[in-house]
1. Can you name every residue in the range 86-138 that is within 18 Å of Ala67 (Cβ to Cβ), at pLDDT 90 or above and of a type in the set (A, V, I, L, M)?
2. Name every residue in the range 23-61 that is in contact (Cβ under 8 Å) with a residue 40 or more places away in the chain and touching a Cys at 6+ places or on another chain (Cβ under 6 Å), in order of residue number.
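The values are calculated or read from the model by the stated rules, or taken from the named source; none is laboratory data. Computed from a predicted structure; not experimentally measured. Positions of Cβ are backbone-derived with ideal geometry, glycine not excepted, and every protein chain shown enters the neighbour counts.
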Amino acid sequence: MGKIKELCGESTRCSDALSYCWWGISFCAVLSVVILVLAALRKTVLWTSTLQAFCAACASVSMSNAASIYMTKVQLEEQINDSWYDGYARERRIPVDVSFAGFILQSIGLLALIIALGVVNSVQVRRLMNVNPTVPTTNQLQ
């Protein structure tokens, strides 16, 4: 119970204790907007590797957040099962469950975005190679 009170104790607010998590969420939101703008401008081919690297960094932060929230979730479950809890663990259970689910969904979405960027990049590169026949393909080099 000490770790949970340290995380969201009476002397601090949960938002202050979880400020690291909020940086990851904010970075993911900004990254999503940047990717949408680049996709609308059809500039994702030029920035695919960079965008994938940023998505991978954001996904790793999101997975780290999910791991830390999972440990808090396990501690809360243990406290709820004990007979000496004071109700503190039960009232913190729903926000922790929602945070855990959100970080898992964010990680899955970012990994899907990495794959989608790779697919879009390969399709656009193939389209450019078909438009410009002066670029030799691997079949023409043999």
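1. Ala101, Ile104, Leu105, Ile108, Leu110, Leu111
2. Listed by number, the residues that qualify are Cys28, Cys58.
So that you can scan it fast, the table gives a plain yes or no per residue for (1) modelled with pLDDT of 85 or more; (2) among the hydroxyl-bearing types (Ser, Thr, Tyr); (3) under 25 Å from Ser122 (Cα atoms):
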{"residue": "Met1", "(1), (2), (3)": "no, no, no"}
{"residue": "Leu7", "(1), (2), (3)": "no, no, no"}
{"residue": "Leu38", "(1), (2), (3)": "yes, no, yes"}
{"residue": "Cys55", "(1), (2), (3)": "yes, no, yes"}
{"residue": "Asn65", "(1), (2), (3)": "yes, no, no"}
